[in-house]
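The values are calculated or read from the model by the stated rules, or taken from the named source; none is laboratory data. Since the model is a prediction, treat every value here as computed from it, not as a measurement. Cβ sites come from the backbone with ideal geometry, for glycine too, and all protein chains shown count toward neighbours.
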Amino acid sequence: MSLHHTKDNKTSGADEQLRTTPLLSLSVKEASEARKTGNSSMFPQYAFLGCRISDTSTLEDDDKNEDHFLESEPVLLNTNTPWSAFICGSQGSGKSYSLSAIIENCLHASPKIGKLPQPLAGVVFHNNTASAHNICEAAHLVSLGVKVNVLVSRSNYHALSSIYKKAVSPQAVHLLNIQPLVLQSSHLTAERMHRLMAFQESETAVPLYMEVIMRILREMAITGLPFNYSTFKVHLENEGLTPGQKVMMEMRLCLLESFMDPSCTRPTKSSAKQTDLFSTVPGTLTIVDLSDPFLDSSTTCTLFDILLSLFLSSRPEAGMLVCLDEAHKFMKNTPAAETFTENLLTVIREQRHNACRVVIATQEPTISPKLLDLCSITMVHRFTSPDWLTTLRGHLAGASDLVTSSDDGSKKISAAKLFEKIINLDVGESLLFAPSAVLEMDGSEVKKLGTGFVKFKTRVRLGEDGGQSVLAVRN
């Protein structure tokens, strides 16, 4: 067996790159399948995401041929391979709409948009404490027959349950299941307990009681036994902490226990067998909505981080779609947010091995430039902040190459022109950056988007649109 590169090796490598591309045009799909040999399909599942309106070669000119591009350049999302996406833009620009279209593509099988023999399981992390009457838009997938489970804090269960049920279609409300988020003792480990007990503290201000807690957790870990919260509480009681130390500690414990099965906190009663809230089913969506006036952003990020690991540990074989909705509302400049970001980056780096697709939707691309560095797809909707453009230039290959001045006289798009195009994007339109996307053919070879980008229009959603603006006069 020869290990040298041959023509067959090159062909095999090119086929593998094409098979794992996150985005492809319909013409590329048809051309690649027309020349394939064998019975297996190169793209066993895919879905129509939107239309390419124009590319970087026409952005300097008036987009006179947009209608032609709209009809002839459908872009497909390859739901068979792991990828990651970053969606940003101002409020009302269409970013949540694009997120919902991606979720539809991955969870709902419809011949109108493509093929989906193996639906993914979806998880959306959502937090919107500032607006108590807004639900996660993804809940409207019930209008397509998709079962949606919503996990909420017990302290805000009744309020959110009422809001969600009123927001979705009455004909589909039976597919909506709202439950309190309840952790079992088996969901906790010494490492998770350490973070939960100290999640509101800065790295330089460790409370005195944490030394005792860390020692107890260390000793429990040494035994090799599964973590037991009741045993942990007994050890704490035996420490004889001062009243001053107990005050802050009890605040942490009370908040933690508000998310735990009450039977886990009582040593005399065994916990009955509970339904595993984190065991997801293909073709269903789980929304973790921690909108709660009693939870700050640090608490939210810590809980999201722990729940992410629980969901991934029980993901279905086909894979999982993990989404962060309105991420700027909880991904703030805190140690907890930084830890959550680092763990998300690890998931993205290992996405090929854990069959995971990650989508971050946010108004502000500045929440974590590292996410921009690693995401395979970036959709830039309309915004008006020059600082956001600076961030994109520093972390997107396409934007950086195109807005850098050239000394060789070659035609390149200026930063001012690019910014003008972003500001003038219509609702639902975006600039699409995806270096490994294949949207056109170069003779008989496929051509990657590379350092270019295209102007893109997200398709019309199949389900109800729950993100429309509330107007003074309604039709």
Which residue out of 162, 153 is in the same structural domain as residue 285 (by TED's automatic domain parsing), under 16 Å from residue 330 (Cβ atoms) and among the small types (Gly, Ala, Ser)? 153
Regarding the range 346-366, can at least one residue be identified that is of a type outside the set (Ser, Thr, Tyr), touching a helix residue (DSSP H, G or I) at 6+ places or on another chain (Cβ under 8 Å) and free of Cβ contacts under 8 Å to residues at least 40 places away in the same chain? yes
So if I check each of 67, 62, which one is assigned to a loop (DSSP other than H, G, I, E, B), at pLDDT below 70 and acidic (Asp, Glu)? 62
Only one of 143, 162 is surrounded by 15 or more Cβ atoms within 10 Å (Cβ to Cβ), part of a helix (DSSP H, G or I) and either of a type outside the set (Phe, Trp, Tyr) or in contact with a strand residue (DSSP E or B) (Cβ under 9 Å, 6 or more places away or on another chain) (or both). Can you tell me which? 143
Among the listed residues 34, 14, identify the single one that is outside the structural domain of residue 102 (by TED's automatic domain parsing) and at pLDDT below 90. 14
Confirm whether residue 115 is among the basic types (Lys, Arg), within 22 Å of residue 282 (Cα to Cα) and outside the structural domain of residue 254 (by TED's automatic domain parsing). yes
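Inspect all residues belonging to the range 332-351 and state whether any of them is touching an Asp or Glu at 6+ places or on another chain (Cβ under 8 Å) and either in a strand (DSSP E or B) or not assigned by TED's automatic domain parsing to the domain that holds residue 93 (or both).
Taking every residue of the range 332-351 in turn, none turns out to be touching an Asp or Glu at 6+ places or on another chain (Cβ under 8 Å) and either in a strand (DSSP E or B) or not assigned by TED's automatic domain parsing to the domain that holds residue 93 (or both).
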Does the range 312-320 include one or more residues that are part of a helix (DSSP H, G or I) and either closer than 22 Å to residue 189 by Cβ or modelled with pLDDT under 90 (or both)? yes
Checked the range 219-235 for anything aliphatic (A, V, I, L, M) and either over 18 Å from residue 263 (Cα atoms) or modelled with pLDDT under 85 (or both); matches are 220, 221, 222, 225
Looking at the structure I just gave you, is residue 430 modelled with pLDDT of 90 or more and in contact with a Pro (Cβ under 7 Å, 6 or more places away or on another chain)? no
Which ones in the range 345-368 are of a type in the set (Asp, Glu) and within 22 Å of residue 97 (Cα to Cα)? 364
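If I ask for residues that are assigned to a loop (DSSP other than H, G, I, E, B) and β-branched (Val, Ile, Thr), which ones from the range 218-235 would you list? Walk me through how you get there before you give the answer.
Of all residues in the range 218-235, those assigned to a loop (DSSP other than H, G, I, E, B) come to 223-228.
223 - this is the single residue of the range 218-235 that is assigned to a loop (DSSP other than H, G, I, E, B) and β-branched (Val, Ile, Thr).
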Looking for whichever is part of a helix (DSSP H, G or I) and of a type outside the set (A, V, I, L, M, F, W, C) here; the options are 110, 98, 93. Which one fits? 98
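Which of the following residues is of a type in the set (Lys, Arg), crowded, with 16+ Cβ neighbours inside 10 Å and closer than 25 Å to residue 260 by Cβ: 357, 382, 393, 315?
315
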Checked the range 354-381 for anything assigned to a strand (DSSP E or B) and either small (Gly, Ala, Ser) or not assigned by TED's automatic domain parsing to the domain that holds residue 49 (or both); matches are 361
Take residue 364 and tell me if it is surrounded by fewer than 24 Cβ atoms within 10 Å (Cβ to Cβ), under 20 Å from the mean Cα position of the chain (by Cα) and modelled with pLDDT of 90 or more. no
From the options 130, 167, residue that is modelled with pLDDT under 95, surrounded by fewer than 18 Cβ atoms within 10 Å (Cβ to Cβ) and aliphatic (A, V, I, L, M): 130
